[in-house]
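Below is one structure, written out as structure tokens; the observations come after it.
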Amino acid sequence: MSDDIWKNFVRSSLAFNDRERNFRPENEKPPGPRYFDYEPPFDPGVLPDKPMPPPELFRRLILTDSNKHILHGQLPDDGSKIIWLPIRDDDQVMGYLGAIQRNTISDDMDLLFIKQRNAQTIWILLAAGLVSFLFAVPFANRLLKPIENIQKATRTLADGRFDVSLNTDRNDELGHLARDFNRLAKTLSQNLNARQKWVADISHELRTPIALLQAELEAMIDGVRKVDEASLISLNEEIIRLSFLINDLHELSMSDVGALTYNMQRCNMVGVLEANLETVANGIRISLELQSQAAHYEINGDERRLSQLVRNLVSNTNKYTDCPGTLLVRVSKQEHFVVIDWMDSKPGVPEASLTHIFDRLYRVDSSRNRATGGSGLGLSLVKNIVEAHNGKIMARHSEYGGLWIQIQFPEYGL
């Protein structure tokens, strides 16, 4: 409404209020606040040719005079907030117009709008749920099927059947997991085969000297062989060979489970080699030579285990090198490593055997066999000792026609 309409509205309301006061008996109480109807109490001829506001708007308006006496409308009972605006005429406050802020929606059109909106929301949610279900079912099958396959394969693996494998066509995380699972199954299968072969080889190695001892003792009991010094020496040699084999097996098993103790400290590798080579020099049938670029090459190691390493290497060379043979031990420093080159003379090792020479109970099929007294465990124990010192070991052909074993130990302080 315009300002003129409100002025007429207020003047008519104030005049109507004065007339009620003038003609009301003195003992009659003034009427309380009341609602006014849709038709305002003034001449409708002053209204412009515009649509009237909806009745709901008038029910939310409160009109008072300048003293805040309610002329039309009623204060809300629910504590709703009222916004008051002064009505002025020539800078004089003629009254106040209040607008009630409703906390609930009561207009029919608003209620209809909310009802329709709620219905549309429900249909939208149902449609979205249906579409999601149609997309989720194939996606869930694609996601859950590989997981179920991995679960079944894992149970098969836990039952000790290592020949199981998974499809690795996927390029996502499940595909990577399937490939890792296949590698795990293959590794476990290889370890099982190696363990079975290890047990079979140990049984064979132990059975051979025991069978020889049994045969010689039975021959002595039956009188086929005399009980003399030569027979007793032969029996003692077999017992010593069996004892060495058992000791090697014990040392290797202790190394595998990490039960071998290592007292790591600063030690001179050149001094360890000199001391041990000098000790065995007179007991071997080959000539040996030690070369070193310096008198001290220090590493962090256990002297007792390093001495065991040197003795095993000497024993291997002495057993498998033709006489007269040669052994050259060279010590040098390469970058941050102390390098030991162990090179002997003929016979050599076939190319195919170089990668297996540190395997347990492995023997080359030529002259390096059990006839020379080896158990096939010495170099395996050497490898374990090297790795316990964070070193590396490798085998290649020697320039003297035999075997070249190179060992690298980290320099002390690294």
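Here, each number is a calculation from the coordinates, and none is a lab measurement. All figures in this text were calculated on a predicted structure; none of them were measured in a lab. As a convention, Cβ positions derive from the backbone with ideal geometry for all residues, glycine included, and neighbour counts pool all protein chains shown.
Give, rounded to the nearest 20 debye, the magnitude of the charge dipole that the stretch 265-410 has about its Cα centre when Lys and Arg contribute +1 at Cβ and Asp and Glu contribute -1 at Cβ.
In total the dipole reaches around 380 debye.
Just going by the charge dipole of the stretch 263-414, with Lys and Arg at +1 and Asp and Glu at -1 on Cβ, which of N316, Q406, L288 is farthest out on the positive end?
N316
Return an integer: the convex hull volume of the alpha-carbon atoms of the stretch 265-410, in Å³ per residue.
Dividing the Cα hull volume of the stretch 265-410 by its residue count gives 103 Å³.
How large is the dipole of the stretch 117-197 about the Cα centre if only Lys and Arg carry +1 and Asp and Glu carry -1, each at its Cβ, rounded to the nearest 20 debye?
Magnitude of the dipole: close to 220 debye.
Beyond 31 Å between alpha-carbons counts as too far, so tell me which of K186/K319; K197/K226; K152/K392; K186/K392; K197/K319; K346/K383 fall in that bin.
K186/K319; K197/K226; K152/K392
Taking square-rooted eigenvalues a ≥ b ≥ c of the alpha carbon gyration tensor, is the stretch 187-316 rounded, prolate or oblate, where a/c under 1.5 means rounded and, failing that, a/b exceeding b/c means prolate?
It is oblate, given that a/c is not under 1.5 and a/b is not larger than b/c.
Say each of I122 and A281 gets a label point 7 Å from the Cα, pointing the same way as Cα to Cβ; how far apart are those two points in nm?
Going by the 7 Å Cα→Cβ label model, 10.4 nm.
Remind me, relative contact order of the stretch 217-334 in percent, using alpha carbon pairs under 8 angstrom and six or more residues apart?
Once divided by the residue count of the stretch 217-334, the mean separation gives 28 percent.
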